[in-house]
Structure formats: structure tokens, C-alpha cells
Amino acid sequence: MDRLWSPWRSKYIESFANETKASRDADKCLFCRILSAPHKDEENLVLYRGSSCFVVLNLFPYNSGHLMIVPHTHTGELSGLSENESAEIMSCSQQCVKALTEALHPQGFNIGMNIGRVSGAGIDGHIHMHIVPRWNGDTNFMPVLGDTRVISEALEDTYRKIKDALRKI
């Protein structure tokens with residue numbers, strides 16, 4: 001196959017280009033904009049808001065259910081967070097794993113942070129933790145050969161499932 005139609009990809013490329021220029025500017029940071037718009041939580045795919053962090057479904061996921069835990073503090077450094085903020089992020093990650101397990105029944109998880117542009121951080125001015133649910137057999141030829149990810153469920157459906165599971169915890 002020479003071509004795989006993926007029109008969503010252009011939105012990602014455009015948003016990445018814009019965020020790259022603004023990633024160190026809290027007034028223009030994607031995560032800071034989401035934080036300041038609680039009335040748009042469903043539109044922004046925000047699943048939970050805590051006292052010092054929030055959880056958002058990744059608009060360009062590696063797998064269904066790929067979410068991010070984002071501190072309220074705009075910093076590109078892990079050392080820029082207080083002990084309380086760090087503790088809430090870890091507590092929130094535990095709750096998210098429970099919710100994802102309840103909602104999507106994954107068989108494993110990748111959890112981590114990319115700190116700094118060279119580590120792969122798409123938004124390097126505002127750190128965030130990724131939680132990616134994994135299933136046996138979810139790695140296939142598409143990402144390896146075609147640099148393409150296959151997402152098996154609409155974001156809106158995944159959002160509802162995880163949001164419902166978080167309410168139960």
C-alpha cells in the first residue's frame with residue numbers, strides 16, 4: 001500500500017507546529033489554556049480536575065485510552081513541582097490506572113514522562129505524565145512499517161468510558 005488516508009494527522013502537525021513556538025509561554029501553552037477553561041472540559045477531553053493537576057485524554061493517542069496527567073504549574077522541569085504536586089500526580093496516576101482497567105480492560109500500561117525536546121516531549125515547556133493502556137497483540141506492523149497508529153475506538157466513546165469509571169473510584 002502506498003498511501004493510508006489519515007486526515008486527522010494534519011490537525012496534529014498544525015497544532016504541534018503552533019505549540020512548538022509557544023511551548024515555553026504559559027499564556028499560549030496548550031495545557032495552560034485547557035486549565036483556564038473548565039467550562040470546556042468535555043470539548044478539551046478533560047476527565048478529572050484535582051487541586052494541583054488534571055487528567056486529559058490525548059487527542060493524538062498512541063492507543064485507545066492514552067491519557068495525560070498535567071500539573072497546574074507551568075514548568076518544563078520535574079524539579080519545578082512541589083512535593084504536594086508530585087504526590088498528587090502519583091496518586092492521580094494510580095486512580096487513572098484503576099479507571100482504565102475498569103473501562104477498557106488493558107493487560108498492561110506504559111507510564112512515563114518525556115522531559116525536554118530531545119527526549120521526545122511534544123510540549124516541552126509544561127511537563128506531563130503519559131499513561132498508555134496496552135493489550136497483548138496491540139503492536140503490529142502499522143507503527144513499525146507505516147509510521148501509523150491504528151486507534152480502534154472513537155475518542156468520544158473512550159472519553160465516556162473512562163469518565164464513567166473515574167466517577168466510580
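Observations
- Among the residues making up segment 41-62, a single one is within 15 Å of C96 (Cα to Cα) and either at pLDDT below 95 or among the polar types (S, T, N, Q) (or both): N58.
- Subset of segment 53-100 [closer than 20 Å to K28 by Cα and not in a loop (DSSP other than H, G, I, E, B)]: C53, F54, V55, V56, L57, M68, I69, V70, P71, G80
- Residue within segment 66-74 that is more than 17 Å from I123 (Cα to Cα) and either modelled with pLDDT under 95 or crowded, with 16+ Cβ neighbours inside 10 Å (or both) present: no
- Hits in segment 101-132 (condition: hydrophobic (A, V, I, L, M, F, W, C), touching a residue at least 40 places away in the same chain (Cβ under 8 Å) and part of a helix (DSSP H, G or I)): A103, L104
- Residue that is surrounded by the most Cβ atoms within 10 Å (Cβ to Cβ) [pool: residues in segment 30-52 that are assigned to a strand (DSSP E or B) and in contact (Cβ under 8 Å) with a residue 60 or more places away in the chain]: L47
- Test set (1) assigned to a loop (DSSP other than H, G, I, E, B); (2) surrounded by 16 or more Cβ atoms within 10 Å (Cβ to Cβ); (3) modelled with pLDDT under 95 - M1 fails condition number: (2)
- Pairs where the first residue, in segment 58-71, is among the hydroxyl-bearing types (S, T, Y) and the second is surrounded by fewer than 22 Cβ atoms within 10 Å (Cβ to Cβ) and not in a loop (DSSP other than H, G, I, E, B), C-beta under 6 Å, 6+ apart: Y62/V132
- Single condition A22 does not satisfy, out of (1) modelled with pLDDT under 85; (2) in contact with a Phe, Trp or Tyr (Cβ under 6 Å, 6 or more places away or on another chain); (3) surrounded by 14 or more Cβ atoms within 10 Å (Cβ to Cβ): (2)
- Qualifying residue in segment 142-153 (condition: out of contact with any His (no Cβ under 7 Å at 6 or more places or on another chain), among the aliphatic types (A, V, I, L, M), at pLDDT 85 or above and surrounded by 15 or more Cβ atoms within 10 Å (Cβ to Cβ)): no
The values are calculated or read from the model by the stated rules, or taken from the named source; none is laboratory data. In this text the structure is predicted, and so the values were computed from the model without any measurement. Virtual Cβ from ideal backbone geometry, glycine too; neighbours counted across all protein chains shown.
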